[in-house]
Amino acid sequence: MNNQSQNAIDIVLAESLKELAATKPIEKITIKEITDKAGVIRPTFYNHFQDKYELLEWITVNELFAPVEPFLSNGMLKEAVMFILTTMEKEKDFYKRAAMLEGQNSFNEIFNRCVAKAVQKYLDLESLAKVANYPWLKEELVADFLAHSISWVTIQWIMRGMKVPVEELTDVYVKIFHSPFIEIVSSLKK
């Protein structure tokens, strides 16, 4: 099968999962329900994905993170964050269900991995790691810290109904990345 037809099937399966998740917890959705809604047979699903959690990861990577690579590679952090949060907000019901998943293969775990990859690829972690200048403070640890922080705040935003406007949350993320953390905390105490 060529990549174009594989991609079309992936999109149909993703839309099917998202539609089903609007009314039902993701952990309760079966592969049969996904394939029935998509109008394909079960073997087609398994030709593309191992399980629904791999499909959820495909959605996260392809609908949230892949589209922002051009922004990030051009130093447009604000536009990248805005795109991700706006996309989530447009599909609020799906992402709320996704955020409710717990344990292995949870959306939080998937989202965190994607954020960590983006942070490692596009941020100057070497400079951040040198701030404390300890041998154990490696770029990977700094990336994990930032990814966990961003993921936690984003999941909380989703779980609390996305009441904070996208622009405000984006502004917070951009300020944290562009200002040393200690300066932000110090300015709050004044």
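The values are calculated or read from the model by the stated rules, or taken from the named source; none is laboratory data. In this text the structure is predicted, and so the values were computed from the model without any measurement. Methodologically, a virtual Cβ is constructed for each residue, glycine included, from the backbone with ideal geometry; neighbour enumeration extends over all protein chains shown.
Any chance you could count how many residues in the range 35-54 are surrounded by 13 or more Cβ atoms within 10 Å (Cβ to Cβ) and of a type in the set (S, T, N, Q)?
Summing the residues that are surrounded by 13 or more Cβ atoms within 10 Å (Cβ to Cβ) and of a type in the set (S, T, N, Q) in the range 35-54 gives 2.
Just one of the numbered conditions (1) small (Gly, Ala, Ser); (2) outside the structural domain of ILE110 (by TED's automatic domain parsing); (3) within 16 Å of PHE111 (Cβ to Cβ) is not true of GLY39; which one?
Status for GLY39: all satisfied but (3).
Considering only the range 68-96, state which residues are crowded, with 18+ Cβ neighbours inside 10 Å and hydroxyl-bearing (Ser, Thr, Tyr).
TYR95, the sole residue that qualifies.
Condition first: over 20 Å from GLY103 (Cα atoms) and polar (S, T, N, Q). Now tell me which residues in the range 24-59 satisfy that. Please lay out each step first, then the result.
First, the residues of the range 24-59 that are over 20 Å from GLY103 (Cα atoms): 32-48.
Of everything in the range 24-59, those that are over 20 Å from GLY103 (Cα atoms) and polar (S, T, N, Q) turn out to be THR35, THR44, ASN47.
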